[in-house]
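Participant: The structure follows.
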Amino acid sequence: MKNLMIYISPTGSFNNPRPDLTSNDAGQLAKVQIENSLALGWKKEDILLFTNFDYQYGVVKATVLKDVKFFDRKPQATKINAIIKLFENGIIKDDEMYWFHDLDAYQLEPISEAEIDLSDADMALTDNGTQFGGTDRWNTASIFFKSSSKDIFQRIKEIMYQKRIDEEEALGLLTISDEDMRKRVKKINCTYNFNGFNLRPRYRTAIKPIRVVHFHPYGMIRRLRVKRPLDFFMGENSLHIPLITERLIRIFKYHRIR
């Protein structure tokens, strides 16, 4: 399995011109992700970081991905354009599983291909803990996929631009309206993208230990009703238990994320 991360910026750097949409912490989080992945045993050649500018941290060097169209409606949805570019450039290989995750989705435990099991599907991801069109809304911060999913990403992109909606809504429309697509997209347990919303029921249903947590360490998250999400995941929550590992906490502290 390949560990895939993408950051495409209109500024050609980690400085984001849209603070209303996301925090300017991507530079720090990229370092956290690289250190955390290496600590979990990923080989450096299996950590695939793609940016539209030169970047290297330690042994991991980003591959510069050119001519990726930026999606203004929701910058994070640009990931779909970038993944399609990876297909077009022949980077996505047959007989290989890829785990794409946002820079704010942190792995806590090893994940095997066998536990994801894409034998009867082309893509796997979790829901968002909310509804869209009467069904569970997908969360694209953590996506497992193989090469046969190329047309799914292309269809997501088409709907994004046709309806001017984000990638999660586009995937929702696609799986609601197309039975074949619905069969090819597998819903997996929230442990692979645990965001802390509806904490008690979601924690109860999550496979333990939790594999991936998803949160921005900076900024208030209204649905969590906290001002500091990092404190929430460190144990200041209704369960009164830490939801992240000591290893990840140490990496955050090293990069002065407290």
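Participant: So for the range 153-216, considering every pair of alpha-carbon atoms, how many percent are separated by more than 18 Å?
Facilitator: Across the range 153-216, Cα pairs with separations above 18 Å total 51 percent.
Participant: Based on Cβ point charges of +1 for Lys and Arg and -1 for Asp and Glu, what charge dipole magnitude is obtained for the chain about its Cα centre, in debye rounded to the nearest 20? Write down the numbers at each step before the final one.
Facilitator: Details: 40 positive and 34 negative charges, 187 e Å.
That gives a dipole near 900 debye.
Participant: Cross-chain or 8 or more residues apart, Cα under 21 Å: how many lysine pairs in the range 141-258 fit that? Count them up, please.
Facilitator: 14
Participant: Taking a cut-off of 24 Å, what percent of all Cα-Cα pairs in the chain are separated by more than that?
Facilitator: When all Cα pairs of the chain are counted, 46 percent exceed 24 Å.
Participant: GNM on the chain, C-alpha springs below 10 Å: top fluctuator among ILE241, ILE92, ILE111?
Facilitator: Of ILE241, ILE92, ILE111, the Gaussian network model singles out ILE241 as fluctuating most.
Participant: Whenever you get a sec, line up GLU88, GLU168 from highest to lowest accessible area (probe 1.4 Å, protein heavy atoms).
Facilitator: GLU88, GLU168
Participant: Sorting GLU115, GLU45 by accessible area (1.4 Å probe), largest first, what list results?
Facilitator: I get GLU45, GLU115, largest accessible area first.
Participant: From the helices alone, meaning DSSP H stretches of at least four residues, give me the mean residue ellipticity at 222 nm for the chain, per-run term -39500 (n - 2.57), in deg cm²/dmol to the nearest 500.
Facilitator: Helix-only estimate at 222 nm: -9000 deg cm²/dmol.
Participant: Return the Cα extents of the range 66-219 along principal axes one, two and three, sorted largest first, each rounded to a whole Å.
Facilitator: 40, 35, 33
The values are calculated or read from the model by the stated rules, or taken from the named source; none is laboratory data. No experiment lies behind these values; they were computed from the predicted model shown. Cβ: placed from backbone, ideal geometry, glycine included. Neighbour counts: every protein chain shown. Each accessible area value is taken on the protein alone, full model and side chains, heavy atoms only, with ligands, DNA and RNA left out. Shrake-Rupley method; radii C 1.70, N 1.55, O 1.52, S 1.80 Å.
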